[in-house]
Amino acid sequence: MRKLAAGNWKMNGTTGSLAEAMAVAAAHPDAAVELLICPPATLITAMATAATGTPLEVGGQDCHAAASGAHTGDISAAMLSDAGASYVILGHSERRTDHGETDALVRAKTEAAWAAGLTAIVCVGETLAERDAGRTLEVVGRQLDGSVPNGASGARLVIAYEPVWAIGTGKVPTTGQIAEVHDFLRARLDARFGEGVGRLVRLLYGGSVKPSNAAEIFAIRNVDGALVGGASLKAAEFSGIIAALEDSVG
Ligand code: PEP
């Protein structure tokens, strides 16, 4: 299994921002880990074209569950693939909150992503109220079961554990809290899909990852990389995180 450093640019970036992505690619020409940036959809083709011949891969941040049709403003998985994406983030907490996305919808989107040949990064994570109520494992377990379709494999599924309260806040769970959730997710995947599949699904941690805390996070068992928001926008910061992930694989 190759570890994965994934950047989520969210609704940030115009053509001028491509230089940051290219600087990341240039800094890791022989990357020992997989490198991915998910820019806004408007930049996918330009980034994928510019990244040709480098280790940098490009992904989308969402797709529609349908293959095509009357869905103004939406983008299908096949369109992402056609634009040059190989991954798509699905069920990010901002989509779940801003657009009311349910586990069932995320599951349908994941099926659409797989049908188009994309690898889905399915996000799960509890709110602070849910953690304080002792419901973290119940919540992420329900999200995992409901959002992941049958037929998962290590090649087409990545899970990102992103505590909602850690996204963009500078707050990070303790290493023990991250380990508890990642161990739980691994066991749940093993139980559903068999260990031969479960151990190959990469489990990313996401939420305020920075160069200064990356090494500690990547040393945690069952953490196979990171989904990085704010720190992926600047090449120097994302490169520092990638370097820490490369160090963790020796
Ligand atoms: C994210 O939104 O996927 C994320 C992890 O954001 P940040 O790194 O900025 O907390």
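The values are calculated or read from the model by the stated rules, or taken from the named source; none is laboratory data. In this text the structure is predicted, and so the values were computed from the model without any measurement. Heads up, the Cβs are rebuilt from the backbone with ideal geometry, glycines too, and the neighbour counts pull from every protein chain shown.
Key figures
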{"quantity": "Residue among Glu111, Glu94, Glu57 that alone is modelled with pLDDT of 95 or more, surrounded by fewer than 22 Cβ atoms within 10 Å (Cβ to Cβ) and within 16 Å of the ligand (Cβ to nearest atom)", "calculated": "Glu94"}
{"quantity": "Matching residues, the stretch 37-85, being in contact (Cβ under 8 Å) with a residue 40 or more places away in the chain and either over 23 Å from Gly225 (Cβ atoms) or of a type in the set (Gly, Ala, Ser) (or both)", "calculated": "Ala41, Gly59, Gly60, His64, Ala65, Ala66, Ala67, Ser76, Ala77, Ala83, Gly84, Ala85"}
{"quantity": "Of residues in the stretch 121-174 being surrounded by fewer than 16 Cβ atoms within 10 Å (Cβ to Cβ) and hydroxyl-bearing (Ser, Thr, Tyr), the one farthest from the ligand (Cβ to nearest atom)", "calculated": "Ser153"}
{"quantity": "Residue check, Gly117 over 26 Å from Gly207 (Cα atoms), assigned to a loop (DSSP other than H, G, I, E, B) and within 17 Å of the chain's Cα centre (by Cα)", "calculated": "yes"}
{"quantity": "Number of the condition not met by Arg142 [criteria: (1) assigned to a helix (DSSP H, G or I); (2) within 28 Å of Ala48 (Cα to Cα)]", "calculated": "(2)"}
{"quantity": "Which listed residue is closer than 30 Å to Glu111 by Cα, crowded, with 18+ Cβ neighbours inside 10 Å and touching a residue at least 60 places away in the same chain (Cβ under 8 Å), from Leu204, Leu200", "calculated": "Leu204"}
{"quantity": "Looking only at the stretch 179-197, and only at residues there that are over 17 Å from Val124 (Cα atoms) and of a type in the set (A, V, I, L, M, F, W, C), the one that is surrounded by the most Cβ atoms within 10 Å (Cβ to Cβ)", "calculated": "Phe193"}
{"quantity": "Residue count, the stretch 161-181 (criterion: among the aromatic types (Phe, Trp, Tyr) and assigned to a loop (DSSP other than H, G, I, E, B))", "calculated": "0"}
{"quantity": "Within the stretch 179-190, considering residues that are of a type in the set (A, V, I, L, M) and farther than 15 Å from Val139 by Cβ, the one nearest to the ligand (Cβ to nearest atom)", "calculated": "Ala179"}
{"quantity": "Filter pass, Ile37 being β-branched (Val, Ile, Thr), modelled with pLDDT of 95 or more, crowded, with 18+ Cβ neighbours inside 10 Å and within 16 Å of the ligand (Cβ to nearest atom)", "calculated": "yes"}
{"quantity": "Breaking point among (1) closer than 23 Å to Gly168 by Cβ; (2) more than 14 Å from the ligand (Cβ to nearest atom); (3) within 18 Å of the chain's Cα centre (by Cα), for Val209", "calculated": "(2)"}
{"quantity": "Residues of the stretch 86-137 satisfying the condition of being of a type in the set (A, V, I, L, M) and in contact (Cβ under 8 Å) with a residue 60 or more places away in the chain", "calculated": "Ile89, Ile121, Val124"}
{"quantity": "Residue that is nearest to the ligand (Cβ to nearest atom) [pool: residues in the stretch 216-237 that are hydrophobic (A, V, I, L, M, F, W, C), under 22 Å from Val124 (Cα atoms) and in a helix (DSSP H, G or I)]", "calculated": "Ala231"}
